[in-house]
Amino acid sequence: MTDETQDLIFDLTLTDDQRMNRETMQRFATVEIRPLAKIVDAGDSPAQDFYPKTVELGISLLPIPEALGGAGVDRSPSSNALILEDLAHGDLSLALGSISPAAFINTLIDQGSDAQREKYLPLFCSEKFKAATTALLEPRATFEPTEPATSATANSEGFSLSGTKSMVPLGMDAELVLIIAHMENGDPAAFIVEGTPTGMTRTVEENMGLHGAQLATLTLDNVQLPSSALLGEGPFDLQRFIDLSRIGICALAVGTCQAVLDYVKTYCNERIAFGEPITNRQSVAFMIADIAIELEAMRLMTWRAASRAEQCLDFHEHAYLAKVFCAEHAMKIGTDGVQLLGGHGFCTEHPVELWYRDLRAIAMLEGMASV
């Protein structure tokens, strides 16, 4: 077997730990997340009351070294993608909020300095939920994730940040925010912001979906940060950060689209029209089959990108293609799910309209689910 052939192969067999972990995540998604999703979406229960329950999953503890109070498990993009997929099967927005602290931790471990890891990682090792998040997106039509407009200017006291970040998960409550900006020379940089410093304003966003993620806009007006806030000791690898986040976003899409498929199969098999299940109609059966085909392609592209990242192979192209494919087909699957339910697809008593609204956001999301 040549090296080129070997490079094209990736193993889909889950390890024993991954299988056990999936069982735990799937059970939590079924018991805790799914029943709460509609309630949170309607605004009848605040999402912040839910997030402390996620501590029992230990997601944040896994990659933190034992010396700092964590579980000391080697970072695994493949395992992390599976976690996101399973949680999103319960609800995409609550899954996104649940893994936001872990995404912050993953980037800190990946690109932070030893001093920063020693300072911040132990904060996530208690039995209390520690809200943390990352902020890359900006509210402008020409936004390009590799070229953030938020600026960082060096001065005698450290750095001054100015700009606006949008769709920040847990944006109103996050005690730690990793903000992506560009330096005066144009190089990308990331800064750890603690609390709400002078010049920083948080505003709740009102969007058509992702209500459980508590998205917020952060406005930075000459926010002064110490030199120690600059992440890492060398150049910030923004492209790697984006690519790892795209894998996570794709995994969220896969989990939610699987929920759509599971629901419409059962609904259409039980929905009787003209004396027979509507799945006896080819137009219905073919649409469900198309969802299954598109979903499997989404899953395989996501798993392949995650596998390459885990093997330290180049995964930029695979992460990009997965994101493009998932963005297009997640929206289509959400639309088809609503269509298959007919008039019921428009009713809030069925969860498909919620999944449809959340899946519309996949194409816009960047930099918030690093695996």
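The values are calculated or read from the model by the stated rules, or taken from the named source; none is laboratory data. Only a predicted model underlies this, so the values are computations on that prediction, with no experimental measurement involved. Backbone-built Cβ (ideal geometry, glycine too); neighbour counts: all protein chains shown.
Out of everything in segment 230-269 that is among the small types (Gly, Ala, Ser) and either surrounded by 22 or more Cβ atoms within 10 Å (Cβ to Cβ) or in contact with a helix residue (DSSP H, G or I) (Cβ under 7 Å, 6 or more places away or on another chain) (or both), what residue ends up being farthest from Ser113 (Cα to Cα)? Taking the candidates together, the pick is Ala259. Just give me the residues in segment 257-278 being part of a helix (DSSP H, G or I) and basic (Lys, Arg), in sequence order. Answer for segment 257-278, where residues must be part of a helix (DSSP H, G or I) and basic (Lys, Arg): just Lys265. In segment 49-72, the residues that are among the hydroxyl-bearing types (Ser, Thr, Tyr) reach residues that are in a loop (DSSP other than H, G, I, E, B) with C-beta atoms within less than 7 angstrom, at least six apart or across chains, in these pairs: Tyr51/Phe129; Thr54/Phe129. Considering every residue within segment 130-150, establish whether at least one is at positive phi, hydrophobic (A, V, I, L, M, F, W, C), in contact with a strand residue (DSSP E or B) (Cβ under 7 Å, 6 or more places away or on another chain) and modelled with pLDDT of 95 or more. Scanning segment 130-150 turns up no residue that is at positive phi, hydrophobic (A, V, I, L, M, F, W, C), in contact with a strand residue (DSSP E or B) (Cβ under 7 Å, 6 or more places away or on another chain) and modelled with pLDDT of 95 or more. Residues in segment 220-266 that are β-branched (Val, Ile, Thr) and farther than 27 Å from Ile293 by Cβ: 2 in all. In segment 182-193, the qualifying residues are those that are of a type in the set (A, V, I, L, M) and closer than 22 Å to Ile99 by Cα, and the one that is surrounded by the fewest Cβ atoms within 10 Å (Cβ to Cβ) is Val193.
What number of residues within segment 136-162 satisfy the criterion of being in a loop (DSSP other than H, G, I, E, B) and within 26 Å of Asn207 (Cα to Cα)? The number of residues fulfilling the criteria is 15. For segment 316-328, the set of residues classified as over 17 Å from the mean Cα position of the chain (by Cα) and in contact (Cβ under 8 Å) with a residue 40 or more places away in the chain consists of His316 only.
Put simply, of Cys257, Cys250 the only residue that is at pLDDT 95 or above and under 16 Å from Pro351 (Cβ atoms) is Cys257.
Filtered by the rule that a residue be among the charged types (D, E, K, R) and either over 19 Å from Leu84 (Cα atoms) or in contact with an Asp or Glu (Cβ under 7 Å, 6 or more places away or on another chain) (or both), segment 285-307 gives a lone residue, Asp290. Residues of segment 163-187 that are farther than 12 Å from Val223 by Cβ and assigned to a strand (DSSP E or B): Ser166, Met167, Val168, Leu176, Leu178, Ile180, His182. The listed residues are Ala289, Ala285, Ala309, and the only one of them that is part of a helix (DSSP H, G or I), closer than 17 Å to Val254 by Cβ and not assigned by TED's automatic domain parsing to the domain that holds Ser78 turns out to be Ala309. Selection of helices (runs of 4 or more DSSP H) fully inside segment 44-127 by the criterion of at least 2 residues being at pLDDT 95 or above, under 25 Å from Gln258 (Cβ atoms) and outside the structural domain of Met331 (by TED's automatic domain parsing) returns 77-88, 92-111.
A Cβ distance below 6 Å, combined with a sequence gap of six or more or placement on separate chains, defines the contacts here; from segment 188-207, residues that are outside any strand (DSSP E or B) reach residues that are modelled with pLDDT of 95 or more in the pairs Pro197/Val223; Gly199/Asp221; Gly199/Asn222; Gly199/Val223; Glu205/Leu215; Glu205/Ala216; Glu205/Thr217. Does Ala213 satisfy being crowded, with 18+ Cβ neighbours inside 10 Å, among the small types (Gly, Ala, Ser) and within 29 Å of Phe50 (Cβ to Cβ)? In short, yes. Of all residues in segment 39-58, those that are more than 19 Å from Glu175 (Cα to Cα) and of a type in the set (S, T, N, Q) total 1.
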